[in-house]
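Everything on this sheet refers to the single structure shown next.
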Amino acid sequence: MYKLDLPIDLKEAAAIERRRNMELERQNRIFNAKVRTIGVDVQAVKEQVHDRKLQEERENHRHEAFANDMIRNDKIAELLTRRKEQDVRNLNKALNEFRSLNQQPDARREWDLNDPEARKKDKPARVSDDDPRCGISGVQKFDGEDLNSKARKKLMEEQMREWTRRQAEEKRLQEARQKEADRLYDLHRREADERAMELAKAEEECRRAINESMRDYNNSLSAEQAEKARLAKQQELDDNFTEIINHVNGDVLTENPDVAESAFGPHRVITDRWKGMSPEQLEEIRRIQELQRQEKKRIQEDEAERDKEWERQRLFDARNSLLMEREQDRIKKGLEKEQVESNVRLGSEQKSNLEYMDKEVYTNRPTAAYFQQWNTTSR
């Protein structure tokens with residue numbers, strides 16, 4: 001049997017009664033036309049307005065971010081272009097300075113043949129008929145005398161070898177400096193791509209490195225000029241000393257009657273004393289001619305190798321320039337592609353949002369059943 005005489009829960013009955021009274025009061029308040037307020041849900045409208053503003057702010061922030069990114073990329077590209085132009089100007093300036101300092105007409109190896117003042121600088125073999133240098137066996141009144149031709153040729157050969165060695169050393173130093181400048185430029189370009197926010201600091205470091213390189217280059221040029229001056233002075237002293245020794249020990253002062261060589265040079269002889277050339281002299285002439293042929297062949301090979309090296313360097317520079325241009329085009333195309341993809345994504349989002357609003361939010365048309373549900377409950 002079920003037990004029906006259970007005690008009533010007073011707290012539950014009071015809660016039910018309270019809810020009933022609240023429902024009656026709410027119905028009286030809502031169904032009373034004088035008290036009821038007709039309108040929309042202001043809080044919901046405010047939330048919608050707030051959500052719409054948040055969405056617009058997010059869109060504005062996104063557009064500003066894309067705009068700032070484009071401005072930053074344009075600044076980086078412009079800065080790289082200016083730096084490249086400045087490097088080209090610095091290289092051209094250094095080349096012009098090198099030419100003005102080290103490629104003067106008087107530094108050429110054939111300057112002694114093209115010097116317009118050579119006649120004025122040269123001392124004649126005979127000043128007058130009473131010249132005390134004209135001894136009995138001097139025979140200085142004839143043309144074509146060249147007592148120091150052997151020493152002069154030897155000095156000219158040494159000078160030519162020294163010039164060739166210096167040119168090779170200068171070219172090697174210039175290539176090393178060029179490689180160092182290219183390495184610094186590539187390093188700075190990579191750092192500019194990786195650390196765009198630290199662009200100013202990287203630019204200062206690059207400028208400092210370039211200044212140090214230029215200072216080292218200027219120091220090397222000044223040292224080279226000082227070395228040239230010292231060598232020129234030493235050569236002048238050696239020439240003077242050689243001239244004095246030749247005058248003291250030469251046939252002009254000793255007047256040796258046993259020699260058959262002419263005073264005009266080793267290539268001439270006194271006919272009444274000459275018995276013909278010795279085998280040693282003939283062998284020496286052939287050896288000197290062979291050395292001259294080998295030297296000329298070596299010079300031609302060096303010039304051909306130097307021309308090939310310059311051509312390879314020109315092709316290498318052109319290839320590097322083409323690669324840099326392709327890299328810049330690739331970066332530009334990538335940025336444009338990202339921007340296009342972002343615009344397409346934003347367009348699709350906006351389109352889907354509009355479709356959702358049109359098809360899901362604003363498509364619920366009220367029917368008769370919608371209006372019949374009013375005044376049935378306070379809820």
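The values are calculated or read from the model by the stated rules, or taken from the named source; none is laboratory data. Note that the structure is a prediction, hence the values are computed from the model and not measured. Cβ coordinates were reconstructed from backbone atoms using ideal geometry, including for glycine residues, and neighbour counts include every protein chain displayed. Remember, those area values only see protein heavy atoms, side chains included, never the ligands or the DNA or RNA. Shrake-Rupley method; radii C 1.70, N 1.55, O 1.52, S 1.80 Å.
So that you can scan it fast, the table gives a plain yes or no per residue for (1) touching a Gly at 6+ places or on another chain (Cβ under 9 Å); (2) among the small types (Gly, Ala, Ser); (3) open to solvent by 100 Å² or more (accessible area, probe 1.4 Å):
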{"site": "ASP302", "(1), (2), (3)": "no, no, no"}
{"site": "GLU327", "(1), (2), (3)": "no, no, no"}
{"site": "ILE331", "(1), (2), (3)": "no, no, no"}
{"site": "GLU338", "(1), (2), (3)": "no, no, yes"}
{"site": "SER342", "(1), (2), (3)": "no, yes, no"}
{"site": "GLY347", "(1), (2), (3)": "no, yes, no"}
{"site": "THR363", "(1), (2), (3)": "no, no, no"}
{"site": "THR367", "(1), (2), (3)": "no, no, no"}
Is one or more of the residues making up region 190-204 modelled with pLDDT of 80 or more, of a type in the set (Lys, Arg) and under 30 Å from LYS84 (Cα atoms)? no
ARG298 fails exactly one of (1) modelled with pLDDT of 90 or more; (2) of a type in the set (D, E, K, R); (3) open to solvent by 90 Å² or more (accessible area, probe 1.4 Å), namely (3)
